[in-house]
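K.L.:
I have a structure I would like to understand better, so I am pasting it below and will then ask my questions one at a time.
The values are calculated or read from the model by the stated rules, or taken from the named source; none is laboratory data. All figures in this text were calculated on a predicted structure; none of them were measured in a lab. As a convention, Cβ positions derive from the backbone with ideal geometry for all residues, glycine included, and neighbour counts pool all protein chains shown. The protein model used for the area step is the full one, side chains on, heavy atoms only, and it has no ligands, DNA or RNA in it. Shrake-Rupley method; radii C 1.70, N 1.55, O 1.52, S 1.80 Å.
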Amino acid sequence: MEFREVLKKRSMCRNFDGRKVEREKLELLVYAASRAPQGGNEPVREYILVDDARYVKMLRAVSPSFLANAKATIVICTDLKKAEETMGKQGRDILSLLDAGAAAENIALMAVELGLGVSFVRSSTDEAVKSILGIPARYRIDIIIGIGYKSRNRPPPIKGFPPKVHHNMYGVGWETSN
Ligand SMILES: Cc1cc2nc3c(=O)[nH]c(=O)nc-3n(C[C@H](O)[C@H](O)[C@H](O)COP(=O)(O)O)c2cc1C
């Protein structure tokens, strides 16, 4: 598939159908996340793979914008204590958060390959998420990714604005070729 087409298909999905996501596909999504770069190359990022409908329901209840009726979720979190010990404050507050975004995008791209859709969710009550999933206090919830098969009746993607690009120097316009 031409890469622009892959990216068009990669937009957030906010409505899934009833199909369960196969275990092998969830494992491939986590594999894709694990291939994302990590600042300092320190293993401070971890994943909670949630495919029990009861827990997914509880997560939705504490995530007001968890719009998607996802069948599974991957919660990406960072061990802040380990991140600070190995990479200092910048590693804890910035590098590890960028890492989580890179991992989330790898998941979104792999999802296209697997015929799945994803929904990124950041606005959740983090303490409640930790309590539901038994995540220790020293972890930061970076992002929750809802996963499922896209419903045919889903609303169109929200995106559509052109990128603001500068050429060599801030303020010098870059004319995109298409
Ligand atoms: C860090 C991050 C957090 C996000 N959190 C939410 C969220 O809490 N709820 C939500 O509905 N979408 C969330 N999104 C998805 C964006 O709103 C979405 O990418 C944007 O609206 C573009 O929509 P589209 O991909 O469908 O075109 C988040 C995206 C990112 C990158």
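K.L.:
What is the extension gain from residue 49 to residue 3, computed as 0.36 nm multiplied by their sequence separation minus the C-alpha to C-alpha distance, in nm to one decimal?
P.N.:
Values: separation 46, 0.36 × 46 = 16.56 nm, distance 2.79 nm.
Here the answer is 13.8 nm.
K.L.:
Next question. Compute the separation of the alpha-carbon centres of the range 56-89 and the range 103-178 and state it in Å as a whole number.
P.N.:
So the separation of the two Cα centres works out to 13 Å.
K.L.:
Of the candidates 165, 30, 129, which one comes out as most mobile in a Gaussian network treatment of the chain with C-alpha springs shorter than 10 Å?
P.N.:
Of 165, 30, 129, the most mobile in the Gaussian network model is 165.
K.L.:
Ranking request for peptides 45-57, 140-152: highest mean number of other beta-carbon atoms within 10 Å first, then the rest in descending order. Please report the intermediate quantities before stating the final value.
P.N.:
Values: 45-57: 15.7, 140-152: 20.9.
Packing order, densest peptide first, comes out as 140-152, 45-57.
K.L.:
Rounded to the nearest 20 Debye, what is the dipole magnitude of the chain about its Cα centre when Lys and Arg each give +1 and Asp and Glu each give -1 at the C-beta? If you can, show how the numbers build up before the last one.
P.N.:
Values: 28 positive and 21 negative charges, 138 e Å.
About 660 debye.
K.L.:
With r as the distance between the Cβ atoms of residue 17 and residue 122 and R0 = 25 Å, compute the FRET efficiency 1/(1 + (r/R0)^6) and round to 0.05.
P.N.:
Details: r = 24 Å, r/R0 = 0.98.
Efficiency for this residue pair is about 0.55.
K.L.:
Also, quick follow-up: Tell me the Rg and the Dmax, in Å, that the Cα atoms of the range 1-120 produce.
P.N.:
Here Rg and the maximum Cα pair distance are 15.2, 44 Å.
K.L.:
In what sequence, highest mean first, do 70-83, 95-108 appear when ranked by Cβ atoms within 10 angstrom?
P.N.:
Numbers: 70-83: 22.4, 95-108: 20.4.
In descending order of packing, they fall as 70-83, 95-108.
K.L.:
How long is the gain from residue 177 to residue 152 if the chain were fully straight, where each residue apart is worth 0.36 nm and the alpha carbon distance is subtracted? Numbers along the way, then the final one.
P.N.:
Values: separation 25, 0.36 × 25 = 9.00 nm, distance 3.27 nm.
The residue 177-residue 152 span can extend by a further 5.7 nm.
K.L.:
Also: In whole percent, how big is the carbon plus sulfur part of the accessible area of the chain, probe 1.4 Å, protein atoms only?
P.N.:
Working: 5850 of 10590 Å².
C and S fraction of accessible area: 55 percent.
K.L.:
Quick one: if you stick a label point 7 Å off each Cα along the C-beta vector at residue 86 and residue 166, how many nm between them?
P.N.:
That separation, rounded to one decimal, is 3.4 nm.
K.L.:
Might you tell me the accessible area per residue for the range 81-150, computed with a 1.4 Å probe and given in Å²?
P.N.:
Details: 2950 Å² over 70 residues.
Averaged over the residues of the range 81-150, the accessible area is 42 Å².
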